[in-house]
Amino acid sequence: MRRALSHPSFMIGVVLSAAILAVALISLVWTPYDPGQMRIIMRLKPPGADFWLGTDQFGRDVVSMLMVGTRNALMVGLVAVGLGLTAGLVLGMLAARFQGSFLDEALMRSLDFVFAFPAVLTAILILTFMGPGLANAMIAIGIFNIPVFARQARGAALQVMAQDYVRAARLAGCGTFSILRRHVLPNIAGLMIVQASTQFALAILAEAGLSYLGIGTQPPNPSWGRMLNDAQTFLSRAPLLAIFPGAAIALSVLAFNLLGDGLRDLLDPRLKER
Amino acid sequence: MSVILEAVDLHRHYPLPREGIFARRRHVSAVNGVSFALEEGKVLGIVGESGSGKSTLARLLVGLEAPEKGEVRFLGQRISGLGDAALRPVRHQIQMVFQDPFGSLDPRMRVLDSIGEPLDVAEPGLAPEARRERIIGMLERVGLGEGALTRYPHQFSGGQRQRIAIARALITHPKLLIADEPVSALDVSVQAQILNLLLDLKLEFGLSLVFISHDLGIVRYLSDRVIVMQNGKIVEEGETEALFSAPAEAYTRQLIAAMPKL
């Protein structure tokens, strides 16, 4: 615990992530304005007392849009990472348990196939089939997360299963699934949490990318990625319109990466105090 | 005296990594035609240098691995080559203590649950209170107190961990215990304590013991019979005193000559 407090990047990550989460939660009950409300006379206002970060080309309040965008970004991260983590864990542990079998080979090679394509390209491909939208974007990002988690789960599970305590559990008469649940899962959980934090940052980035391309979050639901795209047209007249969502994306990616890095250090058993 | 454990012509080899994709896969044979019988209540010592196949033999005897050829019989019944499910009824009668007490206890499991694990499988209907009582009794028997229950393995020394591992092995009252180098990872001062504990428990529980070690002094101290292994084969076998005082084979004489004299 004391080590966590004195770990600078972990603490910065925690504070930033908590702030982002707080903004997302507040947006559920309160935003300065309705983020979808247009006021053409107020269009492209610079930051000021009425509109803290100004307005966009339709006169919508940037602060309100950013806040709801935060909520969307976190939701995408949560669902996509949740999907990837759950499926990846199950597949990875199965592959590890039946290491060298046909099942293992079939699973890992088909995941390699998904892995071979650049992540965002995979998502674009999936969205072309399923149609654009926030829900489909979450699933698409989740799908390209599966191989990442599955590979790591398999590797870590293999390491755990070579330990004598797993042999002892077999001698105790524990079955395959009880060993996976009681011994393998708790011992690889730390590693998977670290990975989840990093993937969370990547998922937010991917959602922004997909929305920028117009196949992620659909209007009028605000998204950082689409705000960037909209701002592009007015870059010379209102450069701040692009800076704010860009900063939001950069900051949240930074936050979850720092969190992941910090967790990796803190959970590393070699550094653990005895 | 009846025979509790019998090994009949056991063979086990492992594939070596391929040297090229078209190269033929080669094998190293770890156990190569090992046969012996252990009488109930006796201690069988197995000695040999590293790589002589002792640990592989241990895994074959407890059914963690299956031999390619030959069979292991427990109380006259074949147990080798059975699946985990088919083995379950005899599992709690054959237990094992491992060499490395840092790897044989799950770092994320409390001592209570580590020791309780075999019990949960053998007697699933046991009430939590009775389970706890049994575990405390066993902990006290191996020289640890009730305070150990809720602690984690990293809070114990190597010797204490080995005591916990022994408690886990004996909680279901097995008939046969395979000890694979149980003291070689421990300090010399702790070794004697653990060995004496094993001997006491053997008498108390009526255990038959297979004791695997590269330390001839320890094997001589503990065993009724000794098997000397080299390259996966038995070189010599005999009653302990006869074998140590008049070794028949050159390899055995070499091993004995290499023992440190105190």
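Quick look at the numbers
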{"read-out": "Inter-residue pairs, beta-carbon under 8 Å, first closer than 14 Å to residue A:132 by Cα and without any contact (Cβ under 8 Å) to a residue 40 or more places away in the chain and in region A:201-223, second of a type in the set (A, V, I, L, M) and open to solvent by 10 Å² or more (accessible area, probe 1.4 Å), 6+ apart", "value": "A:212/A:228"}
{"read-out": "Single unsatisfied condition, residue A:132 versus (1) open to solvent by 60 Å² or more (accessible area, probe 1.4 Å); (2) over 22 Å from residue A:237 (Cβ atoms); (3) in a helix (DSSP H, G or I)", "value": "(3)"}
{"read-out": "Residue in region A:188-204 that is within 14 Å of chain B (Cβ to nearest Cβ), buried (at least 21 other Cβ atoms within 10 Å of the Cβ) and either in contact with a Pro (Cβ under 7 Å, 6 or more places away or on another chain) or assigned to a helix (DSSP H, G or I) (or both) present", "value": "yes"}
{"read-out": "Number of positions in region A:157-187 that are of a type in the set (Gly, Ala, Ser), closer than 18 Å to residue B:97 by Cα and facing chain B (nearest Cβ under 8 Å)", "value": "4"}
{"read-out": "Complete set of residues in region A:136-158 that are open to solvent by 60 Å² or more (accessible area, probe 1.4 Å) and more than 14 Å from the chain's Cα centre (by Cα)", "value": "A:151"}
{"read-out": "Count - residues of region A:16-73 that are under 18 Å from residue A:251 (Cα atoms), open to solvent by 30 Å² or more (accessible area, probe 1.4 Å) and in contact with an Asp or Glu (Cβ under 9 Å, 6 or more places away or on another chain)", "value": "1"}
{"read-out": "Search result, residues across region B:131-162 that are over 21 Å from the mean Cα position of the chain (by Cα), part of a loop (DSSP other than H, G, I, E, B) and either touching a residue at least 60 places away in the same chain (Cβ under 8 Å) or surrounded by fewer than 17 Cβ atoms within 10 Å (Cβ to Cβ) (or both)", "value": "B:145, B:150, B:151, B:152"}
{"read-out": "Complete set of residues in region A:88-103 that are in a helix (DSSP H, G or I) and surrounded by fewer than 18 Cβ atoms within 10 Å (Cβ to Cβ)", "value": "A:90, A:102, A:103"}
{"read-out": "Only one of B:106, B:180, B:113 that is touching a Pro at 6+ places or on another chain (Cβ under 8 Å), acidic (Asp, Glu) and within 14 Å of chain A (Cβ to nearest Cβ)", "value": "B:106"}
{"read-out": "Positions within region B:120-143 being of a type in the set (A, V, I, L, M, F, W, C) and out of contact with any helix residue (DSSP H, G or I) (no Cβ under 6 Å at 6 or more places or on another chain), in sequence order", "value": "B:122, B:126, B:127, B:130"}
{"read-out": "Hey, residue B:238 open to solvent by less than 40 Å² (accessible area, probe 1.4 Å), touching a residue at least 40 places away in the same chain (Cβ under 8 Å) and closer than 19 Å to residue B:54 by Cβ or not", "value": "no"}
{"read-out": "Residue pairs meeting the criteria (Cβ under 7 Å; at least 6 apart or on separate chains; first among the aromatic types (Phe, Trp, Tyr), in region B:1-17; second crowded, with 21+ Cβ neighbours inside 10 Å)", "value": "B:14/B:30"}
{"read-out": "Qualifying positions in region B:95-125 - assigned to a loop (DSSP other than H, G, I, E, B), out of contact with any Asp or Glu (no Cβ under 9 Å at 6 or more places or on another chain) and among the aliphatic types (A, V, I, L, M)", "value": "none"}
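Yes/no per residue for (1) crowded, with 19+ Cβ neighbours inside 10 Å; (2) part of a strand (DSSP E or B):
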site: B:8; (1), (2): no, yes
site: B:13; (1), (2): no, yes
site: B:18; (1), (2): no, no
site: B:61; (1), (2): yes, no
site: B:67; (1), (2): yes, no
site: B:82; (1), (2): no, no
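The values are calculated or read from the model by the stated rules, or taken from the named source; none is laboratory data. These numbers were taken from a predicted model, which means no experiment stands behind them. All Cβ positions, glycine included, derive from the backbone under ideal geometry; neighbour counts span all protein chains shown. Heads up: the accessible areas ignore ligands, DNA and RNA and are worked out on the full protein's heavy atoms, side chains in. Shrake-Rupley method; radii C 1.70, N 1.55, O 1.52, S 1.80 Å.
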